[in-house]
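The values are calculated or read from the model by the stated rules, or taken from the named source; none is laboratory data. The structure presented is a predicted model; accordingly, all values stated were derived computationally and were not measured. Glycine also receives a Cβ, built like all others from the backbone with ideal geometry; neighbour counts cover every protein chain displayed.
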Amino acid sequence: MKKLKTLAALIGLSSTLALAQNQAPLKVGLVLPLSGAYAAYGKQIKNGIDLYLSQHNNTLGGRKVELVIKDDGGLVAELAKRDAQELIVKDKVDILAGFAQTPSALAAAPLATEGKKPMIVMNAAASVITTKSPYIVRTSHSLTQVSAPIALHAGKLGVKKVYTLVADFGPGVDAETQFKKSFTASGGEIVGEVRVPLKNPDFSPYLQKIKDAKPDAVFLFLPPGELTIGFLKGYQERELAKAGIKILATGDLTEEDTLDALGDGAIGIYNSHHYAESHVSPENKAYTEAYAKAYPKDRANYMSVGGYDGMALIDEVLKKTGGDAEAEKFINATRGLKLNSPRGPISIDPKTRDIVQTIYIRKVERVGKKLQNTEFAKMADFRDPAKD
């Protein structure tokens, strides 16, 4: 009986794939920052997408794939909105995907609803994003999801008093709010807080206030790149480390694309996140080796994995739907979906359509000639606490 059921399942899968292969190419519309200050985000996500497609004969669920790519310029919501509208109306894509930044995802969400298109968020991290359209699924993380673990672990690092500093936009506010909630619930004390502008902040006065407050640590969320480099430079110049003030952060701060630029000043930063290039697993070994071969000048980071897993999700969903990307069928097929990612096991929460995954506690170390995030603790099957 078991053999008959297995045979029936194989026949069913073969029929499903045969149906998909006879369909028109799957058009996936990508909205990514490919120019401006956040172009590195778009590059990494696109690298992950291209790597998955190259490994799967440019097919998802048996359908050949055609990518239609739009540049949203980074934090330009109106441009992202126009891009999404063009992809739906003019290019007639089957699926929207990408979205490196929260403003872009929020701008496109109503259009996904109106146009009834599945929308795969591959990086944007404000918790609220998945509530803005019934057709959104996220394969990256939320800031609340990666902020709570370092707050909950802080006591084990001897941290009782914290000063928070975050970028003044949706993800920064999410990170700050969740950190404070989790940290104080664990018995910690917030001794000060500040939100800084996204463009060209002068960190000097903020750093002096932090030093004067004498916390055990500063909790930090800043977008990777110039802001993180600027903060760490000021942190070193004002000798906050010598004053005994640790840095606690989300893993955005120490992602692999930025680590080399941060230099040895990043050593000792404690952070929590869902992916590290150094993660030990057979899946990640295969992924990082393939990535290094395909993109020898880049290091695999969490954005590239968000793109890679976004393609894996589309692939598995279309296998279940027979290649049908109709929004209701597609979203229903994502509910409870499980995948083995380079980051570890992941799944899609059937109620929230958000990702469930392991969040790792890490410390920046130099291993050989390379700076890396070394994992030393973890919280498995961790959901976005803002949605609980």
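Structural remarks
- Condition check for A84: buried (at least 24 other Cβ atoms within 10 Å of the Cβ) and under 18 Å from the mean Cα position of the chain (by Cα): no
- Qualifying residue in the range 173-187 (condition: of a type in the set (S, T, Y), within 17 Å of the chain's Cα centre (by Cα), outside the structural domain of Y38 (by TED's automatic domain parsing) and under 30 Å from I346 (Cα atoms)): no
- Pair list, Cβ under 6 Å, 6 or more apart: the range 142-159 residue charged (D, E, K, R), other residue part of a helix (DSSP H, G or I): none
- Residues being under 19 Å from S127 (Cβ atoms), crowded, with 20+ Cβ neighbours inside 10 Å and among the hydrophobic types (A, V, I, L, M, F, W, C) - total across the range 153-189: 5
- Residue within the range 107-127 that is outside any helix (DSSP H, G or I), in contact with a helix residue (DSSP H, G or I) (Cβ under 9 Å, 6 or more places away or on another chain), within 16 Å of Y38 (Cα to Cα) and basic (K, R) present: no
- Of all residues in the range 120-158 being of a type in the set (D, E, K, R) and within 23 Å of V28 (Cβ to Cβ), the one that is farthest from the chain's Cα centre (by Cα): K132
- In the condition set (1) free of Cβ contacts under 8 Å to residues at least 60 places away in the same chain; (2) part of a helix (DSSP H, G or I), I45 is compliant with all but (1).
- Matching option when the condition is modelled with pLDDT of 95 or more and outside any loop (DSSP other than H, G, I, E, B), among T177, T228: T177
- With respect to being in contact with a Leu (Cβ under 6 Å, 6 or more places away or on another chain) and either within 22 Å of N123 (Cβ to Cβ) or aliphatic (A, V, I, L, M) (or both), I348 fits the description.
- If the condition is being touching a Leu at 6+ places or on another chain (Cβ under 7 Å), within 14 Å of L53 (Cβ to Cβ) and not aromatic (F, W, Y), then the range 284-317 contributes A290, A294, D309, M311, A312, L313, I314, D315.
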